[in-house]
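Take a look at the structure set out below.
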Amino acid sequence: MGINSEMPQISADSDDPLTRAMAPPPNESIQERDARIHREREAKRVSDEIDEELRKGCKKGTKPVKILLLGQYFISVRMKTTTLKNFQLMNSVTAFHTEKPSWRAVIQYNVVRSVRIIVEAMTDAQASNHSSESVLDYPQLTAEHQTLKMRLSPLVQIEESLIRKLTLSGAAEYLNDGRNYAKEVTVNSTLGWKNAFSRLVRDGRESVESDLLIDWDDPNDPGVVLNACADDIKRLWHDPVIQRLLDVRKLRVEEVAGFSFLDALDRVTSPRYIPTDDDILRARLKTLGVTEYRFTPAPGQHSIHDFPWRVYDVGGQRSLHLHTTYKCFLAAWVPFFDDMNAIIFLAPISCFDQALAEDPSVNRLEDSVLLWKSIVQNPLLKATNLVLFLNKCDILKAKLASGIKLSEYIVSYGSRPNDFESASHYLKKKFAGILKEHSLEPRPFYCHFTSVIDTYSTKLILINVQDTILRANLKKSSLMA
Ligand SMILES: Nc1nc2c(ncn2[C@@H]2O[C@H](COP(=O)(O)OP(=O)(O)OP(=O)(O)O)[C@@H](O)[C@H]2O)c(=O)[nH]1
Ligand SMILES: [Mg+2]
């Protein structure tokens, strides 16, 4: 199997850990040496056979390799669609780029929704400033804040018009679970919501410059109002009193995905803004139902090509109630997915200090561990390869660096150092232990530390995952017998 040209190359230097790991053990006896050489030859033979099979590529009737993306299903923990986008970016870059106008609209929606959330928090703070019974310690807002709030009111209409467009074809719905700030559009992933935002995609053209797909002269384009309000949004977002208010309300970037765009307002509200790949990965649009993505990697794209793949993203469940245990949930879903070659299980390890918004008594990380255990011990999935992504490492690093202590939330962490290396190692061992203890059949533990919003590192990991799954699959189909 060839090494991808973008992979960092490891030098053959004796200080290099890989070279050291590959070196024969010191004081090896002749019998040990012969046994080692035999093992190495056998491993190479199997590897060459797999390579040969891969070279032959997709023969007629080759069964597709199927991957299911799985993660928690409550509103507050997410990552699946972002992982799917990484697969698309890696394998169908042209089609991915023709969707830019749709993602531009989603990012605009993320920005106006974020402003609405801040404005609603301001309204609550003002009410509490005038009440003696307030539970939260809100900061005092001034007349200037009131003026800013009024100046931003046109954004309410922009949010409504974006929601109308998204929901027009019945491809989306507006969910409200009772908490006002959680109001969020949800698209049905099987329907074409993307068509509502592009002039030419509907004509069936496959590869068109994103610039041509956007109607820059449309006076109703949300970009016009956003550009006019940009300075006021910036003043609001950078105001220390407002930041304190968001702290009091525990509204953080993790809770409101659109907040990350408020740090890039100059760019995302500029008159001819076109999203970058990173913007698209950060764009948040809740999905319901199952999205299937089919691809066959082209030669030269990366080392594995010509095999048909299917990746499935199962969106959040509207009807899932908190008392629904993962056992019941899996009992309903697993029969649809028992023919998957692999499950990529996404666990957000940055969530150790957060509770589920839907049930403040449940720790988010603990919830993820419980779902992992249910998957691991499910008899219908006992032969499925499980690939664990310990995700949101970027947020975990930032949290630990800011002094938030893992041991305060996970008591068993004890007095270990509060740094990323120790924390990630500890959590990996926890998940590995569950696999070992609860798997009905012995299975290899495939695990990666990820930040799926980082396109470059995620691409390298997905290449590795595709390679691992394909090899495991070929081995299983007794190709090597
Ligand atoms: N900082 C950071 N943000 C992430 C990471 N992974 C996902 N996100 C963000 O989390 C938000 C939600 O992710 P999605 O992939 O839409 O979640 P989902 O699992 O599809 O959620 P549902 O559709 O509700 O089932 C997006 O705005 C992502 O950009 C990560 O590793 N780091
Ligand atoms: Mg989704």
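No lab work stands behind these numbers, since they all come straight from the coordinates. Everything numeric in this text was worked out from a predicted model, so none of it was measured. Cβ atoms come from the backbone with ideal geometry, glycine included; neighbour counts cover every protein chain shown.
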Task: Extended-chain gain in nm, criterion 0.36 nm per residue less alpha-carbon gap, Asp48 and Asp394 - done: 120.8 nm
Task: At 1.306 mPa s and 10 °C, Stokes diffusion of the range 391-464 via Kirkwood alpha-carbon radius, µm² per second - done: 114
Open item on the list: Could you sort the peptides 102-111, 151-160 by per-residue average Cβ neighbour count (10 Å cutoff), highest mean leading?
Closed with: 102-111, 151-160
Open item on the list: Give me a comma-separated list of calculated 3J(HN,Hα) values for the range 364-373, in order, Karplus coefficients 6.51, -1.76, 1.60 applied at θ = phi - 60°, integers in Hz, x for any Gly or Pro.
Closed with: 5, 5, 4, 4, 5, 5, 5, 5, 4, 4
- [ ] Once you've got the Cα coordinates, tell me which of Lys80/Lys459; Lys194/Lys234; Lys63/Lys100; Lys234/Lys286; Lys85/Lys475 are over 20 Å apart.
- [x] Lys194/Lys234; Lys63/Lys100; Lys234/Lys286; Lys85/Lys475
Task: Fully extended contour minus Cα-Cα distance, from Ile274 to Asn195, at 0.36 nm per residue - done: 26.8 nm
Task: Tail beyond 11 Å, pair distance distribution of the range 381-425 (Cα, percent) - done: 71
Task: Selected from Trp372, Ser412, Ile461, residue furthest toward positive end of dipole (the range 330-481; charges at beta carbon) - done: Ile461
Task: Extended-chain gain in nm, criterion 0.36 nm per residue less alpha-carbon gap, Glu160 and Asn464 - done: 105.2 nm
Open item on the list: I need the phi-derived Karplus couplings for the range 233-249: 6.51 cos²θ - 1.76 cosθ + 1.60, θ = phi - 60°, integer Hz, Gly and Pro marked x.
Closed with: 5, 4, 4, 4, 5, 8, 6, x, 5, 5, 4, 5, 4, 5, 4, 4, 7
- [ ] Calculate the spin-label point distance for Asp338 paired with Leu212, positioning each point 7 Å from the Cα along the beta-carbon direction, and give it in nanometres.
- [x] 5.0
- [ ] List the residues whose amide H sits under 5 Å from the amide H of Val290, counting only those 5 or more places along or on another chain, with H placed 1.01 Å from N in the peptide plane.
- [x] Gly315
Open item on the list: Let me check I've understood the local charge: for Pro64, count other residues with C-beta under 9 angstrom from its C-beta, Lys and Arg +1, Asp and Glu -1. What total comes out?
Closed with: +4
TODO: Obtain the nm distance between the two label points defined at Ala143 and Ala383 by a simple spin-label model: each point lies 7 Å from its Cα along the Cα-to-C-beta direction.
DONE: 7.6
Open item on the list: Taking amide H atoms as placed 1.01 Å from N in the peptide plane, list the residues 5 or more away in sequence, or in a different chain, whose amide H sits under 5 Å from that of Asn391.
Closed with: Ala347, Ile349, Thr450
Task: Histogram of C-alpha separations across the range 228-292, 10 Å bin width, % - done: 18, 42, 30, 9, 1
Task: Efficiency of FRET from Cβ geometry, Val290 and Ala228, R₀ 45 Å, rounded to 0.05 - done: 0.65
